[in-house]
1. From the list D:413, D:431, pick out the single residue that is at positive phi, within 16 Å of ligand 1 (Cβ to nearest atom) and touching a helix residue (DSSP H, G or I) at 6+ places or on another chain (Cβ under 7 Å).
2. Read through the list (1) surrounded by fewer than 19 Cβ atoms within 10 Å (Cβ to Cβ); (2) within 16 Å of ligand 3 (Cβ to nearest atom), then give the number of the only condition that residue D:386 fails.
3. What are the pairs with Cβ atoms under 6 angstrom where one residue, in region C:108-121, is surrounded by fewer than 18 Cβ atoms within 10 Å (Cβ to Cβ) and the other, located anywhere, is not in a loop (DSSP other than H, G, I, E, B)? Sequence gap at least six, or different chains.
4. Would it be correct to say that residue A:138 is surrounded by fewer than 23 Cβ atoms within 10 Å (Cβ to Cβ) and in contact with a helix residue (DSSP H, G or I) (Cβ under 6 Å, 6 or more places away or on another chain)?
5. So which of C:204, C:155 ends up being farther than 28 Å from residue C:116 by Cβ and free of Cβ contacts under 8 Å to residues at least 24 places away in the same chain?
6. When only residues in region D:424-457 that are in a strand (DSSP E or B) and within 16 Å of ligand 4 (Cβ to nearest atom) count, which is farthest from residue D:469 (Cα to Cα)?
7. Restricting region D:392-414 to residues that are part of a loop (DSSP other than H, G, I, E, B) and over 18 Å from the mean Cα position of the chain (by Cα), which is nearest to the other protein chains (Cβ to nearest Cβ)?
8. Return the residues of region D:438-459 that are within 16 Å of ligand 1 (Cβ to nearest atom) and surrounded by fewer than 23 Cβ atoms within 10 Å (Cβ to Cβ); say none if nothing qualifies.
Ligand SMILES: Nc1ncnc2c1ncn2[C@@H]1O[C@H](COP(=O)(O)OP(=O)(O)OP(=O)(O)O)[C@@H](O)[C@H]1O
Ligand SMILES: Nc1ncnc2c1ncn2[C@@H]1O[C@H](COP(=O)(O)OP(=O)(O)OP(=O)(O)O)[C@@H](O)[C@H]1O
Ligand SMILES: [Mg+2]
Ligand SMILES: [Mg+2]
């Protein structure tokens, strides 16, 4: 999100040489495909993957850009196959839509590492590493609930700015949020869906603020669109509520640490998973296991926990912000 | 002229009335369309009042809400003014959203931000006009179909914006720029003044200057315009430059609202602007349209959005309802149109007899 | 009583060569445009060969790549055939992508999937035609501008699709459907056959049937068509139904390719289809266009995508280059056109003198 | 007007080719100050092309133009206007959504800092319109709402808004009725009186006799005769130079046979502000003519009978069965056909081949199972092209490339095919040259002889009287007289037609 740093922070890659697995092994060609970056998080995914791959002398990294939709990504992957990679790391536009590609690649003997957006079919991937969208909603709701309890608000007005509504991950996040709130007897008073961009974030937030003249808490799914959400809050001159962010951008973490505005917390969904995916793909290509685990092979599924960053722990996370 | 006994050919005083009736019909059509849009607006507000009486009972809230709607309309409104000119002039500009993104991104690079607010505004306007001129050259001198040329520009400009921004959201650190969206003057948001100024300027340009009248000629009958000695190519070029200029202004406004710019900003604004212009009575084939109609079209759309927000409709229901409202809005204009013209013609009959 | 050829002088034998050349120019214009597109295609392939000789040196790869391009073109190609009819008929259909999504989602609900492949196909086609008919009714009998009516339908149909699917991606469990995209017949993918069948059907319909003739008449001069006794409203309705039918077919194809359907599928296909038709020589204002041109337009676009993929261009560079290629493609058609007509007319002069 | 001024314009060997055709193939022309120089030629002879060369709309390929003694090659219309040449084009070249004043001054608006001086412009326009005898047209009305005749007046106003030394008029009288033509001639005389030269194009020889000084005849893009005296050159000469043959400009003998059965019966047809309570009948084999002023509602009447407009009251019966109101299809099914007044906007697919335009109303009839039969269509179209002497004869050429008069033949030709029982013709000979006109008359007559009923609207009274068996005179939307053609003469009809307007003028003044 920051202007200065297009390169990922060092902390988002694993330093090569940290453990025994880091020693150069057989040459591995990793093919990588992620949707075209149109906002910070996806851009960070691609950058992290690239940087992580560059840190290994035994990895050859080939990316294909995935274009605008699932169909374009399928077409791009088709050409990637022709390059005969050892492992494919793939952040699909939509897990279900690209499931058939995963299957055919696996059948052709190319292990597929699915990043973030799950294939429904277990045979379609060798490894799935993803964030916890539902858990994000849960964490955000838990923070909101705790604050409300602390303030003694029994029927809080809670707003939500979601991301692109047609994506399943948005649905999961919202579901985790509303499910958890419901357990505390709370509900979302108004939910607007933006499109992961700052300008749509601003517009939806402006509408939301108008619809809820008084609000207690607001959860915004994505810190990148949060720039616009915060701008709208400033423009409306509102400060009676607090806001929870999502994903964990550097700017958001800094703002939380400084405690200067309504943004009090953010729940992580870290693009660092891309770095991990590359490391593990390399191990799969070299037929190695994870050195901290007893197993001789990399596990089949890894789900990152969604952590809650607040003023208290912000300094720990600063290095992970994108 | 009717209802007269045939064998009384003497004393036919309705001749002057009839002569006038030559041009009876069409002159007031834009006015009636606009009245139709106002009716739609009123209906939307009434729906708002019915569904959220709690909010609408608060005077301050209502006042704020009007400004919220206008602010929401401001960026698209500015773009639509330029678009209206282009469409009246017989063209179309699909690249407006992309131009906004490119202008916004370019004016928020660190290098540009170093020059301060003046530098940023200059950069946005220059980029807007520059891209508009390229569109214009491709279309008028390169003789490309406007749809294709501006579609190509859409793709290319977004690509360039992504390249420049490194696909990052570029935060604007300039308080002057950021304050445009945050501040009021005499209780009215600055963005609303900008919209008003652009609309007023557009109206004067279209209705009171040779440029505007020639735009109608070029779009309405290009051969006639050519035979009247108008430099059609140069005029076409200027139209796209004007649209680009509006996009430059809109880029500053949007950057100010979002405190940032990125390559994906102003996504699909082209569709919104074209739809607003057409709802406002601009003929897609050129030669006819009004600035006021376009403005009303934009406001109708942002009022719909506002109505959805205050009623907390889910996205999918929003979309279904929105489709219905658009159709209804156009139908209302037609009903309005028909019944009024019927009324007028009946009126005419009684007065002329 | 008339025509008494009294002095009957010099019955000038009206230079036959000149006579033919009269129309040659106009009648062959589509052909020349299409040749221009073929030239663009060849150029793109040559660029592919130059940039990736390693891949192009492998015969099997080249063969597969051709099919990859055609498969990529197949869905949009089918949509573009319908779109071409609508545009030739003087309209526009912005709702094609939304119709595909609605048809795809509807035909992959669990309830529909229970009926098997036949039920799913029937459902997709019925939804496509049904939505097309609604478009047609709004436009012809409701007298809405096509742009607005189909824009409203775009919004509403996507909303309905989201509602039906609960915004989930619906997996198709039907092997017959899924196999359409996976299987070949005589080494040629089934999707390519479908595309070929739709294109051939469209060509015959446009060029050899009364339906096609009416389409050209309605789009070329609606008043003339009406006064010649053509039922313009019904025909307009049929055009949108035809476009809807094509979308239904495309929905099955896309569902088969993705083994799933969702409300956001086929996003912005309307722009792609319109762009392909126009690049292929269809007049946006109606009355002129060819199916072959549209097909070539689609193939050019998918060849560009393929070229980018095999060269692994980054998205932003892709976009910038794509904008340039589109402009170049249209310019090539014009150059082609000019130089050829120059050549012909020069030829003419020498033969007729 | 007998003594003419110095030569202002001289063309030598001017050539203009379009892709594949030499529209001008060595034209000579000499125009003097203060004269009305008439251009005569068949449809497609190159008259319009010639004036477009003069007005800077086309550039000549070869040849020399001298204007006021100097070589002259206008690069664009603006240049020609600056040099003092103003043009009234054959096809109305107005912008519908601009006002009368804006159209009159389009391209040279009076302005200050880019702002139009609207008051000034309106005043000047009112002056000019007043001079044209049409002070009643408000300068600020949209041109869209004017009828064709009103638009022609605006076109004229535009030409007069320049300080021109030469005004070119390409068939200005085609859309004007009798009284308007008289008005036009008065204006032309005023202009020539001031030493302004006028080039006048018309297919009506009697007009050329009345207003013209000298005549230049074009044929196939070449000057076949120059500077003939307009008043005294025998018609036979003029026509043979135009066409290469002689044509007796006479109407076919009215058929003596009895009327057939009644085809069309219109009763009490009314549309507010257009026409009221019109009743008429047409029998099989009968030609019924409708005479009247421009604006008397004849076009609207025809369109309403044809179902293109919906009547407010009244019925249309064809062969005893009532037609569904407002349905063209019903009318066509019942055997009606109509050649509308404005060919470009109402009748032609300009980009399509001639044969498809000719078969536009009938192609379904040649089709089998929905598949068209192009061979049959071309054959039928060729037959029609022969009948009407279409030039050029090639029916696969796009209609767009035809000259105005030949386009008109295509429109009429459409209804000569198929089982048309009753033909509605609205100004069928507008812009048609004398030769083709005679042929059209013969065609109409032959149709009637075959039992087809014809309802003919024409602003040329002699045409109505000469062709029709029975004549209706319309004024201000009403039928004021109905009589067999033999009982009327031109003066009677003109009196009937004008009476109302004369009175109206008295009322207004
Ligand atoms: N733009 C054009 N392209 C091709 N051919 C043209 C074009 N304009 C005119 N022509 C041809 O040039 C010839 C002269 O046409 P022109 O319009 O000058 O005839 P005209 O004498 O004015 O006939 P009319 O009396 O019917 O108006 C015709 O054969 C016509 O078809
Ligand atoms: N565009 C228009 N808007 C309103 N009224 C019109 C319009 N055009 C014509 N009219 C009215 O319709 C009546 C008939 O006009 P029109 O010029 O068609 O008559 P016409 O007898 O067919 O004359 P023409 O000789 O031009 O064919 C007139 O009274 C006129 O006022
Ligand atoms: Mg002519
Ligand atoms: Mg008329």
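1. D:431
2. Among (1) surrounded by fewer than 19 Cβ atoms within 10 Å (Cβ to Cβ); (2) within 16 Å of ligand 3 (Cβ to nearest atom), the lone unmet condition for residue D:386 is (2).
3. C:119/C:112
4. It is true that residue A:138 is surrounded by fewer than 23 Cβ atoms within 10 Å (Cβ to Cβ) and in contact with a helix residue (DSSP H, G or I) (Cβ under 6 Å, 6 or more places away or on another chain).
5. Testing whether each residue is farther than 28 Å from residue C:116 by Cβ and free of Cβ contacts under 8 Å to residues at least 24 places away in the same chain leaves just C:204.
6. D:426
7. Per the stated criteria, the residue is D:397.
8. Listed by number, the list holds a single entry, D:439.
The values are calculated or read from the model by the stated rules, or taken from the named source; none is laboratory data. Predicted, not measured: the structure shown is a model, and the values here were computed from it. We place every Cβ from the backbone using ideal geometry, glycine too, and count neighbours over all the protein chains shown.
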